[in-house]
1. Taking all protein chains in place and a 1.4 Å probe, what share, in percent, of the accessible surface of the protein assembly as shown do carbon and sulfur account for?
2. Per residue, how many Å² of accessible area does region A:79-258 show with a 1.4 Å probe?
3. Determine which lysines satisfy two conditions relative to B:K122: a Cα distance under 22 Å, and not lying fewer than 8 residues away in the same chain.
4. Within 15 Å, Cβ to Cβ, of A:T121, how many net charges do the neighbouring residues add up to if Lys/Arg are +1 and Asp/Glu are -1?
5. Leaving out same-chain residues fewer than 8 places away, which aspartates and glutamates sit with a Cα under 14 Å from that of B:K216?
6. Please work out the FRET efficiency for the pair A:V293 and B:S115, using the Cβ-Cβ distance as r and a Förster radius of 51 Å; give the result to the nearest 0.05.
7. Sequence neighbours fewer than 8 away in the same chain don't count; with that in mind, list the lysines whose C-alpha is under 20 Å from A:K161.
8. Accessible surface of A:L6 in the full protein assembly, 1.4 angstrom probe, to the nearest 10 Å²?
Amino acid sequence: MLSTALNALHIALREIRRNVTRAFLTMLGIIIGVAAVITMVTLGQGTTKAVENQISSLGSNLLMLRPGAGFGPRQPNIPNFIESDVTAISEQIPGIAAIAPARGASMSTAYLQNARSTSVTGTTEDYFSINKWTLADGRFFNIADYRDGAAVCVIGNTVRKELFGSANPIGQKIRIGNASCEVIGLLAPKGQMGMGDQDDTIIVPLTTLQRRLTGHTGAHDITMISISAEDAASSDRMISEITSLMRQRRNLQPNQDNNFNVFDTRQIAETLSSSTRMMTMLLAAVAGVSLLVGGIGIMNIMLVSVTERTREIGIRLAIGARAREVLLQFLVEATTISCIGGLLGIALAVALCYGLGSLINVPVAFNPQINLVSFIFSAAVGILFGFTPARRAARLDPIDALRHE
Amino acid sequence: MLIQLRQLTKTYGTGDAAFQALRGIDLDINRGEFVAIMGHSGSGKSTLMNILGCLDTPTSGTYRYEDITVERLTADQRSILRRHALGFIFQGFNLLARTSTVENVEIPLLYRGLSRRERHEKALAAIASVGLADKLRNTPAELSGGQQQRVAIARAIVTEPSTLFADEPTGNLDTATTIEIMRLLTRLNAERGITVIMVTHEDDVAAHAKRIVRIKDGLIESDNIRS
């Protein structure tokens with residue numbers, strides 16, 4: 001049996017060599033199908049991984065409290081938070097490691113002739129550790145800067161690039177709105193995030209924002225409260241406790257919906273990665289259809305080939321090939337074509353993954369599992385779609401086959 | 001006795017459409033004979049040839065090849081018998097296109113599980129014995145009709161069969177080449193003792209055989225051994 005199979009492989013390889021162009025055209029469908037599946041899955045997984053990395057760069061055990069119901073644009077007539085909300089949460093909710101109020105504003109900034117509009121966040125010194133910002137250079141502002149409302153700022157990497165180019169920003173003064181601020185720190189880059197560029201930011205003490213930049217010291221001016229939990233396990237409990245505390249402080253009746261929301265980074269991470277995973281599966285399914293079409297292509301060519309080679313089959317039968325040897329020959333031929341196609345598809349996929357990955361900035365990791373699955377699937381396609389033509393060849397009557405014109 | 005046919009019949013179709021191609025053939029062929037089977041088209045000579053070559057089965061009657069009762073064999077067993085004992089050459093040569101002389105001749109050996117070296121040696125010997133040692137790498141398209149038929153003969157004898165079946169072997173060849181091919185068959189018959197059974201409708205071709213069996217309407221009309 002083994003020698004019969006080896007023999008069939010030998011004959012099949014000879015046949016493929018005899019008609020390389022036809023074999024290549026036959027395997028083209030498989031090549032494209034396999035390459036498409038692997039590329040889609042690899043790039044999809046790279047995207048998921050990138051999103052997860054960015055989420056984790058936001059900080060772990062991080063809770064965010066924002067006015068308005070859910071994500072999305074701010075609804076009108078919903079009050080912001082006040083500083084006493086921050087105090088109340090830190091005093092009444094157990095398990096808080098750090099808490100920082102923040103107020104965001106989009107402001108024009110300028111250094112020498114360079115100008116751009118950037119989001120400016122006013123906050124306390126705890127904001128940096130809660131949000132996992134680290135310094136590339138200089139220092140964070142401290143409690144004294146906060147108390148004094150000092151004219152200092154810490155800038156993100158994108159701001160540095162746009163305003164300073166290659167010059168050292170530390171100690172330079174930039175204009176924010178109508179005020180002048182000294183750059184005391186440069187943040188280490190975090191990179192692109194689904195929602196935008198995290199490094200396009202300027203962080204100043206909240207008091208500085210209130211007194212110098214906006215000239216607005218209204219009580220309802222905190223647009224976000226970042227909270228880091230002592231451990232991740234307590235974040236669900238803290239979310240529900242903060243929710244009931246805030247409902248009480250904002251005088252919501254039991255029949256009213258929350259006009260604020262609390263979420264932790266784990267939830268964002270889960271939402272985003274489940275949607276990218278879904279996208280990956282969808283794309284892989286579409287690519288899988290092309291693999292199936294490739295299989296039908298093999299069947300088509302093999303059926304034509306059986307008709308075209310009827311006399312050859314007749315000769316083989318006449319000189320003593322058994323029906324099962326002819327069946328095996330055609331089956332092995334189809335499978336060999338699809339396997340070679342699968343290997344070429346993997347090679348093409350590697351090229352595509354690295355090419356496209358660097359083009360759209362997605363980290364690419366070789367995934368042995370999907371490569372193996374695609375290869376096995378392509379071999380299975382060969383066996384499945386090669387079987388009908390092979391059986392047709394094996395069932396030919398030698399006398400009729402020899403007479404075939 | 002190599003071949004023994006007794007009251008062999010073959011009917012195609014059933015009922016009113018039934019056609020009796022062979023209507024009771026008794027025929028004995030000894031080892032080493034050179035037999036020409038002659039007859040007009042529709043006489044049943046091709047049907048007889050197919051049954052003798054174990055490509056087809058009789059409707060009734062018995063066919064013994066050596067001590068094998070052929071009509072009791074399964075299709076696979078008949079394949080094995082053809083593989084080991086029978087060789088075939090055809091009117092249209094039936095070589096594989098785009099395939100060199102050596103590879104064409106090696107094909108029957110592929111089904112016998114020989115090593116690559118044994119295959120090659122046997123193929124070279126067979127090709128040399130038909131006088132084509134200088135055309136090893138040529139494909140059929142590069143060979144003349146006579147040369148193609150010689151490749152086909154080499155393919156048929158490479159397995160050292162006891163019987164060689166030739167179906168109109170010179171039907172596509174001119175007179176000079178016909179004589180060349182018939183001399184080759186005569187030589188193989190004389191030197192190697194291969195039994196040759198040939199179907200033809202041409203008298204000058206049949207004249208090369210030692211015995212001529214004429215078929216008419218599914219029966220043997222005459223059976224003459226040439227002196």
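The values are calculated or read from the model by the stated rules, or taken from the named source; none is laboratory data. In this text, all values refer to a predicted model and were calculated from it rather than measured experimentally. All Cβ positions, glycine included, derive from the backbone under ideal geometry; neighbour counts span all protein chains shown. Note: areas computed on protein heavy atoms with side chains; ligands, DNA, RNA excluded. Shrake-Rupley method; radii C 1.70, N 1.55, O 1.52, S 1.80 Å.
1. On the way: 15890 of 28710 Å².
Carbon-and-sulfur percentage of accessible area, whole number: 55.
2. Details: 8200 Å² over 180 residues.
The answer is 46 Å² per residue.
3. B:K135
4. That sum, taken over residues with Cβ under 15 Å, equals -2.
5. Result set, ordered by chain and number: B:D26.
6. It comes to 0.75.
7. A:K173, A:K190
8. Looks like 100 Å² after rounding.
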